[in-house]
Every structure is written in C-alpha cells, then in structure tokens.
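These notes concern the structure reproduced below.
Please treat every number below as a calculation from the coordinates, not as lab data. These numbers come from a predicted model, not from an experiment. Cβ placement follows ideal geometry from the backbone for every residue including glycine, while neighbour counts extend to all protein chains displayed.
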Amino acid sequence: MATTVTPYGPGQGSKKAQVAQMFDSISPTYDVLNHALSLGIDILWRKKAIRMLRPYKPAILLDLATGTADFALEAEKGLPSLRQVIGLDISEGMLAMGREKISRKNLSDK
C-alpha cells in the first residue's frame with residue numbers, strides 16, 4: 001500500500017504561512033547550507049546572471065524571493081547602471097538576514 005506524504009499539514013496555518021515559517025526557521029544557516037549543498041553553484045549562477053544582465057544596463061532590479069539578498073547584493077556590485085534594487089521575500093527571517101548583510105556592507109536598506 002502506498003503512503004501519501006503531505007508536506008503541509010492541516011491545522012498548521014495556510015501553505016503560505018507554513019512555507020514562510022520553514023524559511024524563517026532555517027534563515028540563520030541558509031547561506032552556509034545553500035553554498036554547501038549546491039557545491040558553490042549558487043555563487044556561480046548569480047555571477048553569470050549578472051554578466052548576462054550587464055549589456056541591458058538596468059536602472060532598477062526587482063529580486064523576487066530574494067532570500068538573504070545574495071543576488072541583490074551581487075547585482076549592486078556588478079551592475080553599475082543600477083539606481084535601485086528591490087528585494088521581496090515571503091520570509092521575514094530571510095529578509096532580516098539580508099538586512100544584516102546590507103548593513104555590514106554600509107549599503108542603504110530602505
């Protein structure tokens with residue numbers, strides 16, 4: 001008999017709330033885990049994406065599911081044409097980690 005696995009349990013809030021809670025709970029260790037589990041590929045794809053965007057000279061960048069803001073920070077560094085980077089995420093924990101990085105780099109967090 002097959003077992004059904006349901007990642008989102010009833011009575012634990014909406015799927016959206018459960019996803020946000022899960023990312024909130026892993027936010028302090030997310031970067032280390034992401035780098036390790038992807039074997040560094042996460043760093044390489046961000047750099048490649050920025051190189052691909054450079055010819056378009058974007059002035060504004062919207063980073064959806066920004067997580068801990070790694071892509072937004074890479075864009076700020078690698079796209080001199082940028083005037084504004086906006087990062088959005090469902091997880092306040094991930095955003096808090098991104099804000100810490102922004103603060104450590106003395107960049108504006110508006």
- prompt: Which one is right for this structure if volume of the Cα convex hull per residue in Å³ is calculated from it: (i) 119; (ii) 141; (iii) 98?
  reply: (ii)
task: Could you let me know the centre-to-centre spacing of the stretch 23-53 and the stretch 78-100, using Cα atoms, in angstrom?
output: 14 Å
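Packing-wise, with mean Cβ within 10 Å as the measure, how do 53-66, 85-98 rank, highest first? Don't skip to the end; give the middle numbers.
Working: 53-66: 13.1, 85-98: 19.1.
In descending order of packing, they fall as 85-98, 53-66.
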message: Number of Lys pairs in the chain with C-alpha atoms less than 20 angstrom apart, excluding same-chain neighbours closer than eight positions?
response: 11
